[in-house]
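Before any comments, here is the structure.
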Amino acid sequence: MAGIEVTSLHKRYPDGTVAVEHVDLSIGDGELFVMLGPSGCGKTTTLRAIAGLERQTSGDIRIGDTLVNDLPPAERDIAMVFQFYALYPHLRTRDNLAFPLRAEGLPKAEVEERVGEAARLMRLGPLLDRRPHRLSGGEQQRVALARALVRRPRAFLMDEPLTNLDAELRADMRTEIKHLQGELGTTMVYVTHDQVEAMSLGHRIAILNKGRVEQIGTPLEVYDRPASLFCAAFIGSPPMNLIEVELADGHLRSKSGLALTPPPNLPRDRSLIAGVRPEALEVTEPGAEGSVPGRVVSAEWLGDEIIYVVDHGDQRDVRVRMPLNVRFAADAPVGLRHTGGPPPVYDASTEELVA
Amino acid sequence: MAVSVNEAVSAGPAPDQRPPGRRRRGRGRVAIEVAVLAVLAAVMLFPVLWMIETSIKENRDVYAIPAKFFDFTITLDHFKDVFVASGGGPSTLSGSFLNSVIVAGVSTVLATVLGVPAAWAYSRFSVKAKKDQLFFILSTRFMPPVVVVIPIFLMYRQVGLFDTKLGLILIYTAFNVPFTIWMMKGFVDEVPAEYEDAAMLDGYTRLQAFWKFTLPLLLPGIAATAVFALIFSWNEFVFAIFLTSSDAVRTAPPAIAGLIGGTTVDWGLVAAASIVFALPVLVFSYLVRKHLVAGVTLGAVRR
Ligand SMILES: Nc1ncnc2c1ncn2[C@@H]1O[C@H](COP(=O)(O)OP(=O)(O)OP(=O)(O)O)[C@@H](O)[C@H]1O
Ligand SMILES: [Mg+2]
């Protein structure tokens, strides 16, 4: 087992596409590290560079203490699970699992023992003699995971391994992967564009955008204090309300007059944007204390909560998360007020967090 | 709720539930279609049928007027003549067939051995000006053989390849490599690169990964491509007649053509030789018919 150290990674494909602009990652030994970002932001490329399947244009990659820049994938002692599983179609499950071990030249008895162990861990017993095309998507995924396990590699790399599964199975597999990683204690780099997956799995999350790291932090940090407007708009569903604010007489105020608790040490001379989570706002009766007048534009009922879209006279409508016991009709006049602590505030021009 | 997608989707009407009127009309149409196709087939295949008949007729029946369709005596003498010379020993024609087998076989193997790895490389790696290169490779096929045969003839005479089997093998290989590359590139594109990635992470080199994983998945494609290459080399006439002169080198197509044109033509022999010549192509096409149409991936990859 080993940590992974990525320094100043830059990858430019021969056709000129810059997939990774500049990425620094420091992944701890035994950590479950998630890379999250929108499509095309360079997640797969970064992962493939770590695996050695793609040669970086510049930058260093260390696995454990070894500088692996010039090592072929085979010598990096890493297992990868692909979005498209890539089980060898002409081999039965059993042989798919045994394959990497035979490549290492392990004795037969040990191969069998390890295959048996991985099969037990991933509950593949009845599937061992089937070929991939006779397995369901979820089963193929379990086989792919088992194939990554058997070799007991120094690290796992997962490239959106659950994308092809339906929602229910995905949730199950998520739990399973998290449990497995905890059990084995092996470093895992997990790539996804699904923030729920990232939040529920990761010890730490790196948010990537256009080939750069926007933020690295625990799920809580990332959720509470997104490091940039991009992260603020990316994390959470619905994401933060980005509200243009001004600092006036000790208050942060939006153009509509909505008052927010100001964080300390706000710079004065810039245009600011506050990131307000939908649960940090409240829809009230019109005229309630501390509220600004507004109007319900629409209400989206999500089972255990309602998301109200409220027009409060600002350029952009805000989304408010409310419990079920408070109901407002669409178009009803309402009040809107801020209930949470100081929100993160961003510089409108640099889009960075300032306080 | 466990409703499988298949069940839900395949709920369309089964053929038997069509309204009766439509079914009757359908049946009438089928009858007409069958009749038209039968007539067409008879017309199209008549030369072939006639060739088969001629090859098993005795010579006086071949020339009989009016032509004998059914009441002739069957003989296999013509087929014997194809292989055995009149004084005993192998005939010149049989030598030509052997030449054809060697030339077509070797050139196909060469084209496959050169073309498949090239196709793999073009599919998997980023090559400078890949599109232009591929177009250039294909463009060598734009020229019909007749256009280039004269310069090639002159060159071959200079370098001593004229009237050699090697010369024919080389020119056929040169013509088949582009075709192999283009056709195989399509097949390689179909095999997900992730197999090789996975294999490389499992401890294999890139070449081993290609050899052990991609190649087996490509076999149907290779078979199909090789059969096309084989058929081209086997049937090729223009180069064969221009670039060879002796019976020892001549392949079957010019040799069979040479049977026609003397003062008398032994039509029975021509017909029998043509059938012997056509047979391997038919057999091969039949053997790989499944692969000629089948997809290559075995369905393990979900996209
Ligand atoms: N082989 C390649 N050649 C050229 N450009 C490429 C290649 N592979 C990826 N790219 C480009 O590099 C950028 C990053 O791709 P990458 O696959 O790393 O994105 P990703 O974050 O994994 O996206 P997704 O979530 O869609 O998988 C994209 O713009 C993509 O078009
Ligand atoms: Mg990707």
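Every number here is computed from the coordinates shown, using simple stated rules; none is lab data. Here the structure is a predicted model, which is why all the values come from computation and not from measurement. We place every Cβ from the backbone using ideal geometry, glycine too, and count neighbours over all the protein chains shown.
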Ranked by how many other beta carbons lie within 10 Å on average, peptides B:51-62, B:194-205 from highest: B:194-205, B:51-62
Interchain or long-range residues, amide H under 5 Å from A:L252's placed H: A:L260
Largest-first principal axis extents of the Cα set of chain A (Å): 78, 44, 36
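Charges at C-beta only: +1 for Lys and Arg, -1 for Asp and Glu. How large is the resulting dipole of chain A about its Cα centre, in Debye rounded to 20? Write out the running numbers ahead of the final one.
Values: 40 positive and 50 negative charges, 217 e Å.
My answer is approximately 1040 debye.
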Rounded FRET efficiency, nearest 0.05, which uses the C-beta distance separating A:D249 from A:T339 and R0 of 30 Å: 0.90
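What is chain B's relative contact order, in percent, from Cα pairs under 8 angstrom and six or more apart in sequence? Each step should come with its number before you reach the end.
Working: 281 pairs, mean separation 82.0, N = 303.
Relative contact order, chain B: 27 percent.
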Extreme residue, positive dipole direction of the stretch B:83-300, given options B:I241, B:I102, B:G87 (C-beta unit charges): B:I241
Distance between modelled label sites at B:K290 and A:R55, nm, 7 Å Cα→Cβ extension: 4.2
Helix-only [θ]222 nm of chain B, DSSP H runs n ≥ 4, -39500 (n - 2.57) each, per residue, nearest 500: -22000 deg cm²/dmol
Segment A:T7-A:I307, extension gain: residue separation times 0.36 nm, minus the distance between their alpha carbons: 103.8 nm
Calculated P(r) of the stretch A:1-139 - Cα pairs past 17 Å, %: 67
Cβ-based exposure ranking for A:T186, A:T7, A:T46, in which fewest neighbours within 10 Å come first: A:T7, A:T186, A:T46
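After finding the eigenvalues of the alpha carbon gyration tensor for the stretch B:83-300, what semi-axes result from the square roots of 5 times each, listed largest first in whole Å?
Listed largest to smallest, the semi-axes of the stretch B:83-300 are 38, 21, 14 Å.
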Per-residue Cβ neighbour rank within 10 angstrom, fewest leading, A:M35, B:M183, A:M240, B:M155: B:M155, B:M183, A:M240, A:M35
Spatial separation of Cα centroids for the stretch A:42-79 and the stretch B:24-86, in angstrom: 68
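Across peptide A:98-105, how many C-beta atoms of other chains are within 10 Å of each residue C-beta, on average?
Numbers: counts 0, 7, 6, 2, 2, 7, 2, 1.
What the average comes to for A:98-105 is 3.
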Neighbouring partner chain Cβ atoms per residue of A:74-84, average, 10 Å criterion: 4
Signed unit charges on C-beta, dipole axis of chain A, positive-most listed residue A:H90, A:F230, A:L180: A:H90
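Per-residue mean of other chain beta-carbon atoms within 10 angstrom of the beta-carbon, peptide B:201-212? List each step's numbers first, then the result.
Details: counts 21, 15, 13, 6, 3, 4, 0, 2, 2, 0, 0, 3.
Counting other chains' Cβ atoms within 10 Å and averaging over B:201-212 gives 6.
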Hydrodynamic radius (Kirkwood) for the protein assembly as shown, which is based on Cα pairs only, to one decimal in Å: 31.6
FRET E, pair A:R134, B:T205, Förster distance 30 Å, beta-carbon r, rounded to 0.05: 0.50
10 Å-binned pair-distance histogram of the stretch A:147-288 (Cα, whole percent): 9, 31, 28, 16, 12, 3, 0
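Can you put B:W234, B:W182, B:W211 in order, fewest other beta carbons within 10 Å first? Mind dumping the intermediate values first?
On the way: B:W234 23, B:W182 17, B:W211 14.
Arranged by neighbour count, lowest to highest, B:W234, B:W182, B:W211 become B:W211, B:W182, B:W234.
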Charge sum, other residues only, whose C-beta stays under 13 Å from A:V309's C-beta, Lys/Arg counted +1 and Asp/Glu -1: -1
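Can you figure out the FRET efficiency of B:D132 with B:F237, using R₀ = 41 Å and their beta-carbon distance, to the nearest 0.05?
Values: r = 32 Å, r/R0 = 0.78.
Efficiency at R0 = 41 Å is approximately 0.80.
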Distance between modelled label sites at B:Q158 and A:T175, nm, 7 Å Cα→Cβ extension: 7.9
Simple label model, 7 Å out from Cα along Cβ direction - B:A42 to B:T75, nm: 3.0
